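Reading through the structure tokens given below for one structure.
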Amino acid sequence: TRRELLSGLVCTLAAGWQDLLRAQAPRTPARYDLLIRGGRVIDPAQGLAVDRDVAITGRRIARVAAAIPATEARQVLQARGKIVTPGLIDIHVHVYDGVAPLGIPADPNCIAKGVTTVVDAGSAGAHTFPGLRKYVINVVDTRVYALLNISVVGQSTLSNDNPHGELLDLRYANPKLAIKTIEQNRDVILGVKIRLSRNIAGEHDLKALALAREAADAVRLPLMVHIARTQSPLRDILAMLKKGDIVTHSFHGHDGGILDSNGRVLPEVRAAVGRGVNLDIGHGQGSFSFDTAEKALKQE
């Protein structure tokens, strides 16, 4: 009927006005920029390994709690069945791609896989570090720090086709240039790196180590030492290390390692750890042995 038609039109118009008024009404500002919902939150610093929501404002974690309302965030990311964790840190990478033959691109291999902060372990020396800073550290999304190789040429000489390293000529080990480079780049250089395998340092590994020690002491930064197949026994190398220094590739399966001929941890290794020397896995290809690691762990 005419009365029913008019009544329907009035209701339709009223509903339309209500929708319009709701659309124009000021919305409550979102408290968070991003809400990651339902993931398995693993945070060793807080002892967390539970399902939680994570709210983010700007560049900071604003809240970690169960069932944070989705309406409080501008963007919601569903993470159920996935792991949510602080960015991982890798203290031994080589990301001087295109210069150091062992280097790989930083972002596809680091931040894209959850590793947000890395330390390049000696890819560059005093002569090559400016390029590492300009073309890698300053431009990639991964946060990259570095250990400066005591050799001015860094790791630019050693590859599968050329198995001869950067310290066969001891003149490349230059503490003065290393100190100068570190002082100019203290915001990103965290220490000094040296590799002591025979094919890298030849028969003068302890002399090279003394030069690296000189540089590290002068700038008051730690020294990372690459071991395995060294000319000098490990006990002599460890005797030159101090609290805060790092022995990398500690669990390799080659000669010159942390185990004696009977598979026992060397007493000099225990003494070094006791005075604050750190053991780094730094495994990579060919530099880690499960057998060595398992034998060492059983002797804790």
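The values are calculated or read from the model by the stated rules, or taken from the named source; none is laboratory data. Predicted model, so just to flag it, every value in this text is computed and none were measured. All Cβ positions, glycine included, derive from the backbone under ideal geometry; neighbour counts span all protein chains shown. For accessibility, only protein heavy atoms count, side chains too; no ligands or nucleic acids. Shrake-Rupley method; radii C 1.70, N 1.55, O 1.52, S 1.80 Å.
Take every pair of alpha-carbon atoms less than 8 Å apart whose residues are at least six positions apart; their mean separation over the length of the chain yields a relative contact order of 10 percent. Looking at the chain, the accessible area is 58 square angstrom per residue; that uses a 1.4 Å probe and ignores ligands, DNA and RNA. Of the options [x] 65; [y] 53; [z] 60, only one is percent of Cα pairs over 23 Å apart as computed from these coordinates, and that is [x]. Measuring r between the beta carbons of ARG59 and ARG275 and using R0 = 51 Å, the FRET efficiency lands at 0.85.
Extension gain, ARG186-GLU268: 0.36 nm per intervening residue step, less the Cα-Cα distance, totals 26.3 nm.
Using a 1.4 Å probe over the heavy atoms of the protein chains, calculate the carbon and sulfur portion of the accessible area of the chain as a whole percent. With neighbouring chains kept in place, the figure for the chain is 54 percent.
Counting only DSSP H runs of at least 4 residues, each contributing -39500 (n - 2.57), and dividing by the residue count of the chain, the helix-based mean residue ellipticity at 222 nm comes to -7500 deg cm²/dmol. Taken about its Cα centre, the chain carries a charge dipole of about 1100 debye when Lys and Arg each add +1 at the Cβ and Asp and Glu each add -1 at the Cβ. Per residue, the average separation of C-alpha pairs within less than 8 Å and at least 6 apart gives the stretch 94-139 a relative contact order of 36 percent.
Around the amide H of HIS164, modelled in the peptide plane, lie the amide H atoms of SER159, all under 5 Å away and 5 or more residues distant in sequence or on another chain. From the Cα gyration tensor of the stretch 61-155, with a ≥ b ≥ c the square roots of its eigenvalues, which class applies: rounded if a/c is under 1.5, or else prolate if a/b is larger than b/c, or else oblate? Judged from the Cα gyration tensor, the stretch 61-155 comes out prolate (a/c at least 1.5, a/b above b/c).
Sorted largest first, the principal axis extents computed over the alpha-carbon atoms of the stretch 239-284 equal 26, 26, 14 Å.
Summing charges over all other residues whose Cβ lies under 13 Å from the Cβ of PRO108, with Lys and Arg as +1 and Asp and Glu as -1, gives -2. Rounded to 0.05, the FRET efficiency of the GLN46 and LYS242 pair, given R0 = 25 Å and the Cβ-Cβ distance, is 0.15.
Membrane-span-like helices in the chain (whole DSSP H runs, Cα extent of at least 20 Å along the helix axis, mean Kyte-Doolittle hydropathy of at least -1.0): 2-24, 205-219.
Of all DSSP beta bridges confined to the stretch 194-300, the antiparallel ones make up roughly 20%.
In terms of its C-alpha gyration tensor, the stretch 95-197 comes out oblate, because a/c is 1.5 or above while a/b does not outweigh b/c. Under the simplified labelling scheme, the ASN138-THR85 pair shows an inter-label distance of 3.4 nm, with each label point 7 Å from Cα along Cα→Cβ.
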